Structure formats: C-alpha cells, structure tokens
Amino acid sequence: MDFNEKRIPIIKIRDYLIVSIQVDMHDRLALQLQTQILEEIYRTGSKGVLIDISTLEMVDSFIGRVLSGMASMAAIMDAAVVIVGMQPAVAITLVELGLEMPGVDTALNMELGMEMLEKRLNKA
Amino acid sequence: MLEIVSDKSWELLEKCPILNEYDIVKARQIVREFAKKEGMGIVDQTRITTAVSELFRNMFSYASGGEVLIEKGIIEEKPTLIITCIDKGPGIDNIELAMTDGYTSGGGMGYGLPGAKRLVDRFEISSELNKGTTVRVMKWK
Amino acid sequence: MEANTEIKNAKARIEHIEDVLSSVAAGELELRIESDIEDDLTGVEQAINLLIDDLTHELKKSLKMKQEMEEKLHKIQDQQKTILQQQEDLMELSSPVSKVWDNILILPVIGTLDSQRTQIMMENLLQKIVTTGCTTAILDITGVPTVDTQVANHLLKTVTAARLLGAECIVSGISPAIAQTIVHLGINLSQILTKATLQDAMIYSMKKNEQLVDGKVKTNYVDLDDN
C-alpha cells in the first residue's frame, strides 16, 4: 500500500479554492495539504477556500489542529477558510476531545459555504 | 514489565504494529471495523477511533512506535472492545501532568491523553521511566 | 430337584427385576416386570411396577412443568425486549425535531433530562440539521423543570457541535430555577445564545435569515414547493 501516491486535488473556481478531503489522512499528508493550499492561495490570489470534509469519518486532535491552523494562516494571507460538511459524529467527538475550533468558519454544505464566502467578500 | 495484563476470557481480535504514520491510519481503520462489527453506533465508532488515533500517534511520536492489541470481552456485563497500546519508549515522568488538558511535552496541543480518556468508557495507564508505557482503553456497546 | 428349579426360577426373575430397574434408571420408562407365576415374589414385582408407574407419572409432570417454565421465561424475555425497544422508541419520540420555517428547526424539550436522553437528543438534532440543511436550531427548554451539571454540559456540547457543523443553536425558555442552578453550579453559558421565549428565539432567527424585515414576514422566502 503506497499512501504517498494520494495527493489531494485543489480545484480553483473563480475566486475560490475548493478542496475535498476523501481519504483518511495520515499526519504527513495533512501537513502536506496545508502547505499545498497556502501555496495555491499565494499563487492564484484566491480570496477564499472551501474545505469539504463530509466524507471524513474521523478528525482527531492532529487533523483538527491542521485545519484550524490552516484557517489562521490563510487569514494572515487575506483569504477566508470555511470548513464544510462536518459529520455530526465527528463534531460531537471533536467537542468531547476538547477541540472546539474557535475562530474557524463552518458551513453545512458547499452551497452555504460559498454563500458565506461571497457575503464576506462583498462586505470587504 | 508493566502491570496491565489481559483477562483470560478476552478474545484477541488483532495485533497491529505501529512503526510509521501509515500504520496509525491502518490500525485506526481496523479498530473502527471491529467497533462496527460489535454493533456500536456511529458516534461511539467515531469516539473510539479518534481516541485510539491519539494513542497511536503518541506511541509513534514519543516512543517511535510499539504494538497494539485489539481484544474483545465482557466488562460490566457489556460486550466491550479493549485496545491496549504497548511501547518501549522513554516512559512518562508525571502521569498526572500528562493527563492534564493543554499540557504537552512534544509540541502538540496537549489534548491527546486527556481527550482520549473523555472519549472512552474506561482508561488505564501505566508507565515506567526508560522502560515504556502501556495504555488500555475500553469502549462498550 | 423341585426346590432347585424354584431357586433357579427365582434367580431368573430377580435378574429380570434388576434388568428392568437398571433400564428404568437409564430412562426407559416403558418397561415393566412381566411374570406368569404367582407367588410371594409377585407382590414385590407388582410393587416395583407401581413404583415405576408413579415415577413415570411424576417425571412426565415435572417435564411438562419445565416446559411451561421455559415458555414463561421466553415470554418474559420477549416482553423485556419489547420494553427495551419501547424505551428506546419513547426516547426518540420525546425529542421530536421539526422544521417550522424555512431554515429553522425547533426541538421542544419536555420533562426531566438525564444524561442518556440528552445525548440521544443531541445526536438527533445534529443529524436533522445535516439532513435538512437548516442553519438555525432552537432548543426550547420551557418544559424542563431542572438541569444538573451533566445535562447543562450536554447542552453546551450540542451548541458547540452544531457550530462545528455550520449551524447556530439558540436556547430558549430558561426558567428562573434553571438559571439559578446554572449560575450556582458555575457553568458558563456565555457562549450560548439564549432567548427568553420561543417567540423571541423565532423572531431572532427570522430576522437573522432576513425572513422578517421591519416586523413583516417576507413570504417570498418561504418555498411552498418545499416538502
């Protein structure tokens, strides 16, 4: 089994980057994705990133930290990150784990996430 | 070495080595499969998978790996999944401190051990300096 | 000569009795001692036969009783299963989540909350948020007499988890007694948006969703084709 082969694709649509995480990420892959997304923001000048995690069955403290870290880092680069589609079981577990991810924007689905980013950009 | 021993009535389901990051992913997926098989609900499946993921990562980053035993047995009259993580790492100097929210010795967020404890029904830990650490978690249906 | 045959006969008959008795002991209750000769031994033979009859009778009776007991046990076990199932059903019934307006869910909680019920309630609500795509959920606890630390923590957890999904959870109808308990217990609910009544929570939600502008409901926001 070669996990290195799996690279998570980042799609650019208009001003936004869309990332859908569909594999159970090991730690290095998560960090690699973080770097990749930040580089894409820099390269494309995107103003917002939607990260869909609706198929993720588990988010532990490491992946949680990578996700919230990514939001803070992107914010410094003037891009907003919205985490989309978290499963209820994952949300309950994260709260019990002690990771409430304050300051991270979330949306129920892609459409609502997109709306959220649009509203934010219009205000700015 | 350490005093955590398996009960004779427990059934060993799987033994997984944790030697690299892929093993962490593989082992936590195996744990989820067994949790599913035991009939746990989706939230409990996620709780136990997340808890063991924290433990496996600790083994990997502090003790450069170890071994995981996945067993099942009856605890308090309930069918229970029992996961034991055994490493031969440096050991934990102050367990009480390691179990405190927000404390970390390795640059993490310090939610690993105390967080994992909140996600399971029973949590046992024993450690000896320079010999290793054993952590056992149990989750029942 | 004659005495000899008599002894022989008697021996044979006693052996027969022994055979029958051992068979009976082994569980063959249909066997009886048979003999054409009538003498002193006949009485013993008949007595043994009677005993076997009695034994057979008693055994059948106890077997029947055992069967009846087993049936009753099964019945009780079945009933217990039904009770457990009903308890689970009741648990789900007692926390109905309904979509009352476009984008707004309401969970009216009635009765005493224990840890298990709150947990199931929380899971139901979060699941419903995801399936309906509603971004506002109102948890109305007007009908809850008291809360303890555990239940308050579960409520807190629900609101935080809802936020992680991308929905806002509002708690309404906190009674004076509950407010007192919460503050006395030292539980910090400052992160939770609370409204006095269900109506207030409704108004807040509709304003937030721009469904209510200047005190008027904007009907074009209600999709009548929905549902």
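Here is a yes/no grid of residues against (1) among the hydroxyl-bearing types (Ser, Thr, Tyr); (2) more than 14 Å from chain A (Cβ to nearest Cβ):
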| site | (1), (2) |
| --- | --- |
| B:Ala35 | no, no |
| B:Gly39 | no, yes |
| B:Met59 | no, no |
| B:Val68 | no, yes |
| B:Thr80 | yes, yes |
Quiz item: Which ones in the range B:57-102 are surrounded by 17 or more Cβ atoms within 10 Å (Cβ to Cβ) and among the hydroxyl-bearing types (Ser, Thr, Tyr)?
Solution: B:Ser61, B:Tyr62, B:Thr80, B:Thr84
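Yes or no, residue by residue, for (1) farther than 26 Å from C:Lys128 by Cβ; (2) within 8 Å of another protein chain (Cβ to nearest Cβ); (3) surrounded by 22 or more Cβ atoms within 10 Å (Cβ to Cβ):
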| residue | (1), (2), (3) |
| --- | --- |
| A:Gln36 | yes, no, no |
| A:Met73 | yes, no, no |
| A:Gly98 | no, yes, no |
| A:Lys119 | no, no, no |
Exercise. Could you check, for the range B:121-128, whether at least one of its residues is away from chain A (no Cβ under 14 Å), surrounded by 16 or more Cβ atoms within 10 Å (Cβ to Cβ) and more than 30 Å from B:Gly39 (Cα to Cα)?
Key: yes
Practice problem: Would you check if C:Leu55 is at pLDDT below 90, part of a helix (DSSP H, G or I) and loosely packed, with under 14 Cβ neighbours inside 10 Å? | Solution: yes
Self-check item: Wholly within the range A:10-124, helices (runs of 4 or more DSSP H) carrying at least 2 residues that are over 30 Å from B:Thr100 (Cα atoms), under 12 Å from the mean Cα position of the chain (by Cα) and touching a residue at least 60 places away in the same chain (Cβ under 8 Å)
Solution: A:110-123
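For every residue, the table says whether it meets (1) in contact (Cβ under 8 Å) with a residue 24 or more places away in the chain; (2) buried (at least 19 other Cβ atoms within 10 Å of the Cβ); (3) not hydroxyl-bearing (Ser, Thr, Tyr).
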{"position": "C:Asp114", "(1), (2), (3)": "yes, no, yes"}
{"position": "C:Gln127", "(1), (2), (3)": "no, no, yes"}
{"position": "C:Val151", "(1), (2), (3)": "yes, yes, yes"}
{"position": "C:Ala177", "(1), (2), (3)": "yes, no, yes"}
{"position": "C:Leu212", "(1), (2), (3)": "no, no, yes"}
Self-check item: Residue tally, condition closer than 19 Å to C:Thr194 by Cβ and within 9 Å of chain A (Cβ to nearest Cβ), over the range C:106-125
Solution: 2
Exercise. Return yes when B:Val52 is in contact with an Asp or Glu (Cβ under 7 Å, 6 or more places away or on another chain), facing chain A (nearest Cβ under 10 Å) and among the aliphatic types (A, V, I, L, M) and no when it is not.
Key: no
Exercise. Please report, ordered by residue number, the helices (runs of 4 or more DSSP H) entirely within the range B:1-113 with at least 2 residues that are within 14 Å of the chain's Cα centre (by Cα).
Key: B:21-37, B:42-63
Quiz item: Within the range C:35-52, how many residues are assigned to a loop (DSSP other than H, G, I, E, B) and within 10 Å of C:Arg13 (Cβ to Cβ)?
Solution: 3
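The values are calculated or read from the model by the stated rules, or taken from the named source; none is laboratory data. The model shown is predicted, which means the values in this text are computed figures rather than measured ones. So basically every Cβ, Gly included, is an ideal-geometry build from the backbone, and we count neighbours across all protein chains shown.
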